[in-house]
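S.K.: If you scroll down you'll find the structure; I have some questions about it.
The values are calculated or read from the model by the stated rules, or taken from the named source; none is laboratory data. This one's a predicted model, so the numbers in the text were calculated from it and none came from an experiment. In this analysis, Cβ positions are derived from the backbone assuming ideal geometry, glycine residues included, and neighbour counts consider all displayed protein chains. SASA here: full protein model, heavy atoms, side chains in, ligands and nucleic acids out. Shrake-Rupley method; radii C 1.70, N 1.55, O 1.52, S 1.80 Å.
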Amino acid sequence: MTAKTAYDAIVLAGGAAKRLGGADKPAVSVGGRALLDRVLGVCRDAGRTVVVGGRRPTVRPVVWAREEPPGGGPLAALDAGVRQCEAPAVLVLSADLPFLERTTVRRLVSALDESEREAALLTDADGRDQPLVAVYRTESLRRELALLATEHGSLSGLPLRLLAQELDLARIRTDPLASFDCDTWEDISAARARIREHGYVLDEWITAVKDELGVELDVDTRVLLDLARDAAHGVARPAAPLTTFLVGYAAARAGGGPEAVAEAARKAVALAARWAEETEQAEQTGKAGQAEGPVPGTAGAGGTGHESAPGAPGEPRRNGEAEAG
């Protein structure tokens, strides 16, 4: 799904996190990654990413902004962020969405593409609007913020729901986890437990490794898993991690990219298949030899255990050789 509309992103990373006892919520780790970094991972298609909040290390370069006054609430933060945006649309996210995926972001942007609406936002399982999981037309967002500031004298302390009341919205329903946010330590614990479940843990781990290593390569992990399985089964168990490492190295030398990984993996899978076939044939030959008795010239049943010299009795004939008369 390819979006036509270019967009920037605003991530709101301020707030007092009172229900977390004042902890630095964007820096809280879920699955080995800070909540803020997890959200930044779904903003990779944005032209520019603006984070509104206190400066901190991040896995990706961002533009920093700060609402006035600090702690002035989400509308003040949005106003500070949109001043740094240039694209015709802006993706708006809170910094505490551990399960939001790029596919959901693309659906939101595509919904804006396909309509004349002013914004597209997510609704949760109960049908409630999620204005901090949304894409807005930049000029519409600026207009509404300016009108609210004029009407109320300031954006500081105003509730977020005022923003959506005057906008023409497209609403998208998707995986309920997409809008799951972490407001309490119970939420944090639930998120940490969720990513360790069988259906999630592998994807979570691979994403965390890519973030840690600065790799932004999307490949079909099933291909690599199949390769690891074949190498472990057809060669030896330690062959699995070493083979996948060499595939990655070969792909990098070939210029990188998903296609290079797929081609290197294809070659390694074919090699593993040939290796396994030869191994199976050797095992079958060995079993047949054991059933027929010792091979002449080898140890056992009166053999010496030494190889026969060329031409000596007991040397297997080559194809096409006639038996001496």
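S.K.: Residues in segment 35-56 that are hydrophobic (A, V, I, L, M, F, W, C) and in contact with a Lys or Arg (Cβ under 8 Å, 6 or more places away or on another chain): how many?
M.R.: Taking segment 35-56 as the starting set, the residues that turn out to be hydrophobic (A, V, I, L, M, F, W, C) are 35-36, 39-40, 42-43, 46, 50-52.
With in contact with a Lys or Arg (Cβ under 8 Å, 6 or more places away or on another chain) added as a condition, the list becomes 35-36, 40, 42-43, 52.
Number of matching residues: 6.
S.K.: Look through PRO57, PRO26, PRO69 and report the one residue that is open to solvent by 60 Å² or more (accessible area, probe 1.4 Å), under 29 Å from ALA190 (Cα atoms) and not in a strand (DSSP E or B).
M.R.: PRO57
S.K.: Please determine, by comparing only the residues of segment 29-50 that are crowded, with 22+ Cβ neighbours inside 10 Å and of a type in the set (D, E, K, R), which one is nearest to ASP203 (Cα to Cα).
M.R.: My answer is ARG38.
S.K.: Right, something else. For segment 29-54, name all the residues that are assigned to a strand (DSSP E or B) and under 15 Å from the mean Cα position of the chain (by Cα).
M.R.: Matches in segment 29-54: VAL30, ARG33, ALA34.
S.K.: Output the residues belonging to segment 249-271 that are farther than 13 Å from LEU225 by Cα and under 22 Å from the mean Cα position of the chain (by Cα).
M.R.: Result: TYR249, ALA250, ALA251, ALA252, GLY255, GLY256, GLY257, PRO258, GLU259, ALA260, GLU263, ALA264.
S.K.: Which ones in segment 163-186 are in contact (Cβ under 8 Å) with a residue 24 or more places away in the chain, over 18 Å from THR103 (Cβ atoms) and out of contact with any strand residue (DSSP E or B) (no Cβ under 8 Å at 6 or more places or on another chain)?
M.R.: Taking segment 163-186 first, the residues in contact (Cβ under 8 Å) with a residue 24 or more places away in the chain are 163-164, 167-185.
Imposing the further condition that a residue be over 18 Å from THR103 (Cβ atoms) reduces the set to 163-164, 167-169, 181-185.
Scanning segment 163-186 gives ASP183, THR184, TRP185.
S.K.: Among the residues of segment 28-66, count how many are in contact (Cβ under 8 Å) with a residue 60 or more places away in the chain and not aliphatic (A, V, I, L, M).
M.R.: Total satisfying the criteria: 9.
S.K.: Taking segment 210-249, which residues are touching a residue at least 24 places away in the same chain (Cβ under 8 Å) and outside any helix (DSSP H, G or I)?
M.R.: Matches in segment 210-249: GLY214, GLU216, LEU217, ASP218, VAL219, ASP220, VAL235.
S.K.: Pick out the one residue from ASP203, ASP211, ASP226 that is open to solvent by 60 Å² or more (accessible area, probe 1.4 Å) and within 16 Å of the chain's Cα centre (by Cα).
M.R.: Just one listed residue meets the conditions, ASP203.
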